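Engineer: This is the structure, below, for whatever I ask next.
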Amino acid sequence: MSSGEAVRTDFIRDIIDEHNRTGRFGGRVHTRFPPEPNGYLHIGHAKSICLNFGIAQQYGGQCNLRFDDTNPTKEDVEYVDSIMEDVRWLGFQWDGLYYASDYFEQLYQWAVQLIKAGLAYVCDQTPEEVRRSRGTLTAPGQESPYRNRTVAENLDLFERMRAGEFADGSRTLRARIDMGASNLNLRDPVLYRILKAEHHRTGNKWCIYPMYDYAHGQSDSLERITHSICTLEFENHRPLYDWFIEALGIYAPQQIEFARLNLTYTVMSKRRLLSLVQEGHVSGWDDPRMPTIAGLRRRGYTPEGLRQFCAVIGVTKFNSLTEVELLEHCLRDDLNKRSPRVMAVLNPLRVVITNYPEGQVEQLEFINNPEDPSAGSRQVPFSRVLYIEQDDFREQAPKKFFRLTPGGEVRLRWAYYLKCNEVVKDEAGNIVELRCTYDPASRGGWTPDGRKVKATIHWVSAEHAVAAEVRLYDRLFTKEDMNDLAEGEDWRTHLNPRSLTVTRAYVEPSLAEATPGGVPFQFERQGYFQLDPKDSRPGQPVFNRTVTLKDSWAKIEKKEQGD
RNA sequence: UGGCCCUUGGUGUAACGGUAGCACGAUUGACUCUGGAUCAAUUAGUCUAGGUUCAAAUCCUAGAGGGCCAGCCA
């Protein structure tokens, strides 16, 4: 972690400090990040990753990466690979790499131990019967008629479950706890179910698979995890987590729960993200509009920016909704320092400088990054025909608009003063060209008479420009809180139809040599852009807009129109 | 309806019985060859009601509001 990222304290670190004071774990700190490989990681996982790996770093401890792969019907190696890539890209390296499936045999032996202790039994109830006998939030459940089978019978049945003698769903192994418990997780939870499915790592070795509750705590225990940090929805599971550890008489980690990240204008549930991909609302898990790590990476987000964001949002038990503006702030803050400034005209308007000699080309010096003098400068060609941004010219200038207007003068960035003399239109009345004059004495952007212009606009030389595709992204959804939907309302109805805009842009010649994965660029006055790693081709660059620059003109214009 | 958890400006958080602070956002101004960046200022808060205490955002009780739980998902 770089030095700029402050280590904050939070209630979890407070608990760890307390444990260190009392010596509960002998001063040891060992966390783990335990994703299920059933989807791509998203920015909510980044919060968890930064928390778990960050704590390990801060306390001189360790952090494991463990795949919680106990449900073969939903998991896949594609996800395993993407998860490892994402964790590394975020800047973390795990100490131990494990899979819950590594522990299947041990978990089985522990189940036998529970059966022998009279704490688990094989149940023949159908899923429907189990549901009916579980009771409700207010009423206790009824005990299963199979609850009092003998140890010998349970042992025999459980062994035959493993041997594949029974059909999927026909039997389960259940813990013998309390059907009247107010915490429903304690009403004889299922430990093992029969699932004749091929597992991405163990193949067909097993046809019974442990449930999350039965596998997770014991996996933590085996890895000598000290602090098992998870999200709030597992709070009700902690008594069960502790029950297994206690019943088995094994090493006891401490589970601690925190609130997951929610962001405005996006969805974070794996189910919804999967739907977006499968239903084609986005191009894939790494679509730059997705809140996935892969999507954010492709869009141009940096690990530093993401880590800073995770540091700034903090960790609490309060179910919050973080404004996406905070994320964007963290990104701009990082990008601003490191991005070379370049010229790109997104919506080109042709400008002919009538008093500039035909065929003449000048090389003008551009500062690469005013924030970073060591970034140096470069040469950019200037000639008689340029492209400027359509938005930078208004035939009828609104109030407070001080870019180019008929008869008005602006500065071309690092070049000359430019005055508009004539507007050329097509039959339909569209502006197709501006005929302008420049002031030869203003070379470099200053005039000897010291007269001022109110605006500086960007441009590219038409003859030298490189055509590029530029993809502009907006929020994926138009609704701020996607967890706050009306009864029966389909979340898809809030998809933003304008979340992607593609433009045919002209960029300065130096960008022809840009390579994917290289430095991010700031297109002056527009935003930060990164080459698309999938669709960009040499000579045919495709740029993704990572985030816009703050645009105070847009704000003024909106306000003026509102008045 | 039962259990568990949560509640500090618009948003995210800090304050560990003793001055309610920071960041984002918003607004205003300064500066500027990016209407960018930077800098400065302003804005705005302890869910309610009781109680304990010299003193409560903090402890207690009740209420209100929110979250999670009735998968052989995690």
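Engineer: Of all residues in region A:84-101, how many are of a type in the set (Asp, Glu) and touching a helix residue (DSSP H, G or I) at 6+ places or on another chain (Cβ under 7 Å)?
Structural biologist: Residues of region A:84-101 of a type in the set (Asp, Glu): A:85-86, A:95.
From what's left, touching a helix residue (DSSP H, G or I) at 6+ places or on another chain (Cβ under 7 Å): A:86.
Qualifying residue count for the region: 1.
Engineer: Would you say residue A:447 is over 30 Å from residue A:537 (Cα atoms), polar (S, T, N, Q) and modelled with pLDDT under 95? Please lay out each step first, then the result.
Structural biologist: Working: over 30 Å from residue A:537 (Cα atoms): yes; polar (S, T, N, Q): yes; modelled with pLDDT under 95: yes.
Yes.
Engineer: What's the number of the only condition in (1) of a type outside the set (D, E, K, R); (2) in contact with a Phe, Trp or Tyr (Cβ under 8 Å, 6 or more places away or on another chain); (3) within 16 Å of RNA strand B (Cβ to nearest atom) that residue A:126 fails to meet?
Structural biologist: Status for residue A:126: all satisfied but (2).
Engineer: Tell me which of these residue A:199 doesn't satisfy, since it passes every other one: (1) under 23 Å from residue A:105 (Cα atoms); (2) open to solvent by 50 Å² or more (accessible area, probe 1.4 Å).
Structural biologist: Residue A:199 satisfies every listed condition except (2).
Engineer: Taking the condition of being part of a loop (DSSP other than H, G, I, E, B), open to solvent by less than 40 Å² (accessible area, probe 1.4 Å) and farther than 18 Å from residue A:519 by Cα, how many residues in region A:267-288 meet it? Before you say what the answer is, go through the steps one by one.
Structural biologist: Within region A:267-288, the subset part of a loop (DSSP other than H, G, I, E, B) is A:267-269, A:279-288.
After this cut, where a residue has to be open to solvent by less than 40 Å² (accessible area, probe 1.4 Å) as well, the list is A:267-268, A:282, A:284-288.
Next cut, farther than 18 Å from residue A:519 by Cα only: A:267-268, A:282, A:284-287.
The number of residues fulfilling the criteria is 7.
Engineer: Only one residue in A:53, A:25, A:67 is within 13 Å of RNA strand B (Cβ to nearest atom), on the phi < 0 side of the Ramachandran plot and either assigned by TED's automatic domain parsing to the domain that holds residue A:229 or at pLDDT 95 or above (or both), so which one is that?
Structural biologist: A:67
Engineer: May I pose another question? Name the residues in region A:497-534 that are assigned to a loop (DSSP other than H, G, I, E, B), open to solvent by 20 Å² or more (accessible area, probe 1.4 Å) and away from RNA strand B (no atom under 16 Å from the Cβ), would you?
Structural biologist: Kept after step one, since they are assigned to a loop (DSSP other than H, G, I, E, B), are these residues of region A:497-534: A:497-499, A:508, A:514-520, A:524-526, A:532-534.
The next check asks that each one be open to solvent by 20 Å² or more (accessible area, probe 1.4 Å); those that pass are A:497-498, A:514-519, A:525-526, A:533-534.
Listed by number, the residues that qualify are A:497, A:498, A:514, A:515, A:516, A:517, A:518, A:533, A:534.
Engineer: Continuing with this model, one more query. Quick check on this structure: which one of A:19, A:45 is assigned by TED's automatic domain parsing to the domain that holds residue A:210 and crowded, with 23+ Cβ neighbours inside 10 Å? Walk me through how you get there before you give the answer.
Structural biologist: Values: A:19 fails: crowded, with 23+ Cβ neighbours inside 10 Å.
Every option except A:45 fails the conditions.
Engineer: Out of region A:353-377, which residues are crowded, with 16+ Cβ neighbours inside 10 Å, within 28 Å of residue A:503 (Cα to Cα) and more than 14 Å from RNA strand B (Cβ to nearest atom)?
Structural biologist: A:353
Engineer: Taking only region A:40-67 into account, find how many residues are outside any loop (DSSP other than H, G, I, E, B), free of Cβ contacts under 8 Å to residues at least 40 places away in the same chain and among the small types (Gly, Ala, Ser).
Structural biologist: So the answer is 1.
Engineer: Looking for whichever is within 13 Å of RNA strand B (Cβ to nearest atom), part of a helix (DSSP H, G or I) and either under 25 Å from residue A:247 (Cβ atoms) or within 36 Å of the chain's Cα centre (by Cα) (or both) here; the options are A:115, A:83. Which one fits?
Structural biologist: Numbers: A:115 fails: within 13 Å of RNA strand B (Cβ to nearest atom).
Result: A:83 is the single residue among A:115, A:83 that is within 13 Å of RNA strand B (Cβ to nearest atom), part of a helix (DSSP H, G or I) and either under 25 Å from residue A:247 (Cβ atoms) or within 36 Å of the chain's Cα centre (by Cα) (or both).
Engineer: Out of the strands (runs of 3 or more DSSP E) lying entirely within region A:152-258, which hold 3 or more residues that are within 12 Å of RNA strand B (Cβ to nearest atom)? Don't jump to the end; show me each part of the working.
Structural biologist: On the way: elements: A:172-175, A:190-194, A:208-210, A:227-231, A:254-258.
Those strands (runs of 3 or more DSSP E) span A:172-175, A:190-194, A:208-210, A:254-258.
Engineer: Under 9 Å between Cβ atoms, which residue pairs at least 6 apart in sequence (or on different chains) link something in region A:213-226 that is at pLDDT 95 or above with a partner that is part of a helix (DSSP H, G or I) and among the basic types (Lys, Arg)?
Structural biologist: No pair meets every condition.
Engineer: Residue under question is residue A:107, and the condition is that it be within 16 Å of RNA strand B (Cβ to nearest atom), assigned by TED's automatic domain parsing to the domain that holds residue A:17 and assigned to a helix (DSSP H, G or I); does it hold?
Structural biologist: Numbers: within 16 Å of RNA strand B (Cβ to nearest atom): yes; assigned by TED's automatic domain parsing to the domain that holds residue A:17: yes; assigned to a helix (DSSP H, G or I): yes.
Judged against the criteria, residue A:107 is a match.
Engineer: One residue is enough: does region A:87-95 have a residue meeting the conditions open to solvent by less than 30 Å² (accessible area, probe 1.4 Å), outside any loop (DSSP other than H, G, I, E, B) and not assigned by TED's automatic domain parsing to the domain that holds residue A:294?
Structural biologist: The answer is yes, given that some residue of region A:87-95 is open to solvent by less than 30 Å² (accessible area, probe 1.4 Å), outside any loop (DSSP other than H, G, I, E, B) and not assigned by TED's automatic domain parsing to the domain that holds residue A:294.
Engineer: State which residue is nearest to RNA strand B (Cβ to nearest atom) when the search covers only region A:540-556 and only residues that are in a loop (DSSP other than H, G, I, E, B) and open to solvent by 50 Å² or more (accessible area, probe 1.4 Å).
Structural biologist: Among those residues, the one meeting the criterion is A:550.
Engineer: Tell me, which residue of region A:408-454 that is out of contact with any Leu (no Cβ under 6 Å at 6 or more places or on another chain) and open to solvent by less than 10 Å² (accessible area, probe 1.4 Å) is nearest to RNA strand B (Cβ to nearest atom)?
Structural biologist: Per the criteria, the residue is A:445.
Engineer: Suppose we filter region A:99-117 for residues that are buried (at least 20 other Cβ atoms within 10 Å of the Cβ) and either among the aliphatic types (A, V, I, L, M) or farther than 25 Å from residue A:147 by Cα (or both); how many remain? Break it down into steps so the answer makes sense when it comes.
Structural biologist: Here is the first cut: in region A:99-117, the residues buried (at least 20 other Cβ atoms within 10 Å of the Cβ) are A:99-101, A:103-104, A:107, A:110-111, A:114-115.
From what is left, the residues that are either among the aliphatic types (A, V, I, L, M) or farther than 25 Å from residue A:147 by Cα (or both) are A:99-101, A:103, A:107, A:111, A:114-115.
Total meeting the criteria: 8.
Engineer: Residue A:328 - would you say it is more than 18 Å from residue A:416 (Cα to Cα) and surrounded by 13 or more Cβ atoms within 10 Å (Cβ to Cβ)?
Structural biologist: On the way: more than 18 Å from residue A:416 (Cα to Cα): yes; surrounded by 13 or more Cβ atoms within 10 Å (Cβ to Cβ): yes.
Judged against the criteria, residue A:328 is a match.
The values are calculated or read from the model by the stated rules, or taken from the named source; none is laboratory data. Note that the coordinates shown come from a computational prediction; the quantities given were computed from them, not determined experimentally. Heads up, the Cβs are rebuilt from the backbone with ideal geometry, glycines too, and the neighbour counts pull from every protein chain shown. Please note that ligands, DNA and RNA were not included when accessible areas were found on the heavy atoms of the full protein model with its side chains. Shrake-Rupley method; radii C 1.70, N 1.55, O 1.52, S 1.80 Å.
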